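Following: one structure in structure tokens, then a few remarks.
Computed from the coordinates by the stated procedures, all read-outs in this text should not be read as laboratory data. Not measured: the values here are computed from a predicted model. In this analysis, Cβ positions are derived from the backbone assuming ideal geometry, glycine residues included, and neighbour counts consider all displayed protein chains.
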Amino acid sequence: MNDSAVAGWRQAVRRGELPSDLVSLLRNVALRMCRRRVLPPSFAPYGQWDDEAGEEIFAAWYADRLVSPGQLLALLDRSSSEAALRALAERSLRQHLLNRADRSQTRNLFGRVVAVLRERPAFVLVHAASRPANTWYGLRPPAGRDDADVPLWSGPERLLVAHGWALGDLAIIRYRASAAKLSPVLDSGELERFITGLMSRTNTALTAAQIMTVLAARLDLGAPQTHDLEAEPIPASASRAPEDAVALADTARAIVDGLTSRQREVLRRADDTVASIAKALRCSVGTIVNERRRIAVAVSRLSEDEDERGVLLNMAADLLYPLDDE
Amino acid sequence: MMSEANDALPDIRVPGAVGLIGGVVDGGLLAVVAIAASDDAVSVVPLSPSVEQATEWDLEVPLDVLGYRAIAEVWNYGTILPEQCREVVATVTPGTLHALDQLSRAALTGGPVPAQLAVGPPVLDDCDPRLLFQDNEADFAHPFWEPALALAGAATFGEFIRHRRDDLHLGPSELEATAGSSGWLADVEADALDLRQALAPKALARVLRRLQVGATSRLRAITRTTLEGASPQLARGVSGDRPPTGDADSYLDEVFDELRKEWS
């Protein structure tokens, strides 16, 4: 591999230049990903992966993620060869597409947070404000205890974010794998669990703006959007069409493609005990548990609900079974 | 995987230097910042662009250092050999180096995170997903510590071979086959055999390649010390009748030249 070419590109980019052969390599990464269909068609700009879609996602990836925030240099700094750069670039593009779709949901997410706080019986208004974003809600206290007993959060934002991280894995924004068009789904149950957990951990009342700050950090959404919106209805799920089976298969392949070799092996051995997988892969039980969590998060992100998640997980595992026969 | 020659090395041995290092296999590069150094080893902290994953043990590194925002993963520190450095790309400011030093000392001594440092939110629970990220990062960084770990605790070449073979689960016959001859390994591991008579330079280079080590000054120093310590009584070849050939330095020059060729 041409190690010196990568070193040359690295130095050029650090000087503020953008070598044309480097740009060409990155464009090829995007086009190749489209041809290989490494993400579900729902993530394509027009619902299908072709060269036009490739050019479009390349342009957005290049402008939004690579150049201005300096992520191209970060990729080059971790690449020892062109092959390594291609692999890292592919991962970066995949992350960009997922993240872009997530960020498109921040407006809806704020509306949903406000709706959950207003409508769910688990929560109670503690302190009114002129804007929904600044209205304080707390967990409904046990009978006999006054709502006013709930203190308002007054700690640093950093600590509140830490409590948000402490709630564990989170899949609030999910995607219908079987949809022909991008169809993000905000999981209200998961969102309520998260807000309840946050209030319970801090034992305080919180505002929607504070909750959005924590969600933005957890979901890497950028600056939280807290417009004064009414909760927008989320379109009901369409019934599953015959062509959705193809989309599901594409999604399962995309999931497998995004796993590391160890994660694939863990998934392939899904029916084995954790201890036996750990022994076979020469790593600790904790590592296998962690790998299973990573796989679960990856599958949850691309499935609308638990039923679809189960279907996708089985399809992904099935894709790995032929390895047994080799 | 290692740099070609000492005189061509960028100086990663200066605390605060930010370098890109290679490992023993082609697993990419790792950006690190040096926090302490001796002649043949450097303590470093890995740098990651995944700033959203910062915990209280990750120091934020300003944008102007690398050209992108990064975190210094103090919890993930390790030791490298200077030869692993491919390129020094930046230097952190004295203020950042001081903060890094404070946080590293706290991590090493089990103390609290010093106040006023630009670090991430603390980890409050074992189910925090950032711990999964840390697990990944530790896995990624480990191969970069291998060259120094492979030589750690070995006072002689024999010890080094024994430890390394054990680390890699390599059987004696497998390693001997790499050299193309047999019957020498047990004596070499016991430091009871003069390497120069047991293995030609090319054969030894193949053995070292199989043990996944590069041409480093620390390996050379250990090997040289062992060669010089080999007494005439112990200096017997596999066949038992070959006289010692050449001095230690010229033999090692040949071995290391060959090793560099094989790794390039």
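Counting pairwise Cα distances across chain A, what percent come out greater than 29 angstrom?
Here the long-distance tail beyond 29 Å is 49 percent of all Cα pairs in chain A.
Using θ = phi - 60° and the Karplus relation 6.51 cos²θ - 1.76 cosθ + 1.60, list the HN-Hα couplings for segment A:6-15 in order, rounded to whole Hz, with x at every Gly or Pro.
5, 4, x, 4, 4, 5, 5, 5, 5, 7
Tell me which trypsin sites (Lys or Arg not before Pro) from segment A:255-316 have a DSSP coil assignment and no more than 12 other beta carbons within 10 Å of their own.
A:Arg282
Magnitude of the Cβ-charge dipole of segment A:38-139, K/R +1 and D/E -1, about the Cα centre, nearest 20 debye?
760 debye
Output the 0 to 90 degree angle, nearest 10, between the alpha-carbon long axis of helix A:285-301 and the longest principal axis computed from the alpha carbons of chain A.
Compared with the principal axis, the helix lies near 80 degrees.
What does the extension gain come out to for A:Leu152 and A:Arg201, with contour length at 0.36 nm per residue minus their alpha carbon separation?
Between A:Leu152 and A:Arg201, full extension yields an extra 16.3 nm.
For segment B:176-226 and segment A:84-142, what is the separation of their Cα centres, given in Å?
60 Å
Per 5 Å bin, what is the whole-percent P(r) computed from every C-alpha pair distance within chain B?
Once binned at 5 Å, the Cα pair distances of chain B give 1, 6, 12, 15, 16, 12, 10, 9, 7, 5, 4, 2, 1, 0.
DSSP loop trypsin sites (Lys or Arg not before Pro) in segment A:65-167 with at most 15 other Cβ atoms within 10 Å of their Cβ, which ones?
In loop regions of segment A:65-167 (DSSP not H, G, I, E or B), the sparsely surrounded trypsin sites (Lys or Arg not before Pro) are A:Arg145.
If amide H atoms are built 1.01 Å from N in the plane of the peptide, which residues on other chains or at least 5 residues away come under 5 Å of the amide H of B:Ala36?
Amide H to amide H, under 5 Å and 5 or more residues apart or across chains, B:Ala36 pairs with B:Ser43.
Write out the GluC sites (Glu not before Pro) in segment A:1-81 meeting two conditions: DSSP loop, and at most 12 other Cβ atoms within 10 Å of their Cβ.
A:Glu17
Rounded to a whole number of µm²/s, how large is the Stokes-Einstein D of the protein assembly as shown at 10 °C and 1.306 mPa s, given Rh as the Kirkwood radius over C-alpha pairs?
Roughly 59 µm²/s, to the nearest whole number.
Relative to the longest principal Cα axis of chain A, at what angle does helix A:20-36 sit, 0 to 90 degrees, rounded to 10?
70 degrees
How much mean residue ellipticity at 222 nm does chain A get from its helices, if each DSSP H run of length 4 or more adds -39500 (n - 2.57) and you divide by all residues, to the nearest 500 deg cm²/dmol?
Taken over chain A, the calculation gives -17500 deg cm²/dmol.
Residues with amide H under 5 Å of B:Ile71's amide H, sequence separation 5 or more or different chain, H placed in the peptide plane at 1.01 Å from N; which?
B:Ser48, B:Ser50, B:Val61
Amide H to amide H under 5 Å from B:Ala90: which residues, 5+ apart in sequence or cross-chain, H placed 1.01 Å off N in plane?
B:Val18
Based on DSSP H runs of at least 4 residues, each adding -39500 (n - 2.57), what is the mean residue ellipticity at 222 nm of chain B after dividing by all its residues, to the nearest 500 deg cm²/dmol?
Helix-only estimate at 222 nm: -12500 deg cm²/dmol.
What is the dipole size for the protein assembly as shown, taken about its Cα centre, with +1 at each Lys and Arg Cβ and -1 at each Asp and Glu Cβ, in debye to the nearest 20?
Around 740 debye, computed over the protein assembly as shown.
For chain B, return all DSSP H helices satisfying: extent of Cα atoms along own axis at least 20 Å; mean Kyte-Doolittle hydropathy at least 0.0.
Membrane-span-like by this criterion, though nothing is claimed about a membrane: B:94-109.
Return the distance in nm (one decimal) between the two label points of a simple spin-label model at A:Arg293 and A:Tyr46, each offset 7 Å from Cα along Cα→Cβ.
4.3 nm
Calculate the all-directions average of the projected area of segment B:41-159's alpha-carbon convex hull, and give it in nm².
The directionally averaged projection comes out at 8.8 nm².
Output ³J(HN,Hα) for segment A:209-216: one whole-Hz value per residue in order, computed from phi by the Karplus curve 6.51 cos²θ - 1.76 cosθ + 1.60 with θ = phi - 60°, and x for Gly and Pro.
5, 5, 5, 5, 4, 5, 5, 4
Determine which residues of segment B:158-180 fall in the zone a paramagnetic label at B:His142 would reach in this model, i.e. backbone nitrogen under 17 Å from the point 7 Å along Cα→Cβ.
B:164-170
Whole-Hz Karplus ³J(HN,Hα) for segment A:78-84, in order, using 6.51 cos²θ - 1.76 cosθ + 1.60 and θ = phi - 60°, x for Gly and Pro?
Result, rounded to whole Hz: 9, 9, 9, 7, 4, 5, 5.
Could you work out how far helix A:306-320 tilts from the main Cα principal axis of chain A, as a 0 to 90 degree angle to the nearest 10?
Rounded to the nearest ten degrees, it is 20.
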